[in-house]
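Student: The structure follows.
The values are calculated or read from the model by the stated rules, or taken from the named source; none is laboratory data. Everything numeric here is computed off the predicted structure, so don't read it as measured data. Please note: Cβ atoms are built from the backbone with ideal geometry, for glycine as well, and neighbour counts cover all protein chains shown.
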Amino acid sequence: MNVKKVYEKRFEGMLRSKNLVWKELCKSFFNKIIKPNASVLDIGCGNCEFLNNVKARRKVGIDLNPKSKEYADKDVTIINKNVSKVKLQNNSFDYVFISNFLEHITREEIIKTLKKTHSLLKKKGKP
């Protein structure tokens, strides 16, 4: 499967609308529970709508889509790898966010992803 070609057509013409939805979700909900000095990881970050709109000190996105970097704001770090192969320090994130991702991977990959998520969260972190 050519990931780049899939993403080029996936949300064609909808990027502005999706960003407006995430802007409102972050303003109305996420920014009220995520502290501005927090570290946030978004697994399957896509076009960075969540990361670009959430207020946090450190924002990291993981996605296979090579264009994710083009959509990311300057304060967002993008890692273009399979989440199970990413090397990040354990216990380093306050929040891990996953939206519209797990349904695209196998049961075995879901288990690996959730184990990885758990290892990356700080002891008092929130999935």
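Student: Identify the residue in the range 5-14 that is out of contact with any helix residue (DSSP H, G or I) (no Cβ under 8 Å at 6 or more places or on another chain) and surrounded by 11 or more Cβ atoms within 10 Å (Cβ to Cβ) and, among all such residues, is modelled with the highest pLDDT.
Tutor: Taking the candidates together, the pick is 14.
Student: Examine the range 98-110 for a residue that is buried (at least 17 other Cβ atoms within 10 Å of the Cβ), in contact with a strand residue (DSSP E or B) (Cβ under 6 Å, 6 or more places away or on another chain) and free of Cβ contacts under 8 Å to residues at least 40 places away in the same chain, and state whether such a residue exists.
Tutor: No, there is no match, as no residue in the range 98-110 is buried (at least 17 other Cβ atoms within 10 Å of the Cβ), in contact with a strand residue (DSSP E or B) (Cβ under 6 Å, 6 or more places away or on another chain) and free of Cβ contacts under 8 Å to residues at least 40 places away in the same chain.
Student: If we keep just the residues of the range 64-85 that are β-branched (Val, Ile, Thr) and modelled with pLDDT of 90 or more, which is surrounded by the fewest Cβ atoms within 10 Å (Cβ to Cβ)? Full working, then the answer.
Tutor: Initial filter on the range 64-85 (β-branched (Val, Ile, Thr)): 76-79, 83.
Within this subset, residues satisfying the condition of being modelled with pLDDT of 90 or more are 76-79.
Working: 76: 22, 77: 14, 78: 22, 79: 20.
Here the residue is 77.
Student: Another one. What is the number of the single condition among (1) on the phi > 0 side of the Ramachandran plot; (2) part of a helix (DSSP H, G or I) that residue 100 does not meet?
Tutor: Among (1) on the phi > 0 side of the Ramachandran plot; (2) part of a helix (DSSP H, G or I), the lone unmet condition for residue 100 is (2).
Student: Taking the condition surrounded by 12 or more Cβ atoms within 10 Å (Cβ to Cβ), touching a strand residue (DSSP E or B) at 6+ places or on another chain (Cβ under 8 Å) and in a helix (DSSP H, G or I), does residue 59 pass?
Tutor: Details: surrounded by 12 or more Cβ atoms within 10 Å (Cβ to Cβ): yes; touching a strand residue (DSSP E or B) at 6+ places or on another chain (Cβ under 8 Å): yes; in a helix (DSSP H, G or I): no.
Against the criterion (surrounded by 12 or more Cβ atoms within 10 Å (Cβ to Cβ), touching a strand residue (DSSP E or B) at 6+ places or on another chain (Cβ under 8 Å) and in a helix (DSSP H, G or I)), residue 59 does not qualify.
Student: I'd like to check something: does the range 46-54 contain any residue that is acidic (Asp, Glu) and loosely packed, with under 14 Cβ neighbours inside 10 Å?
Tutor: Checked against the condition, which is being acidic (Asp, Glu) and loosely packed, with under 14 Cβ neighbours inside 10 Å, the range 46-54 yields no hits at all.
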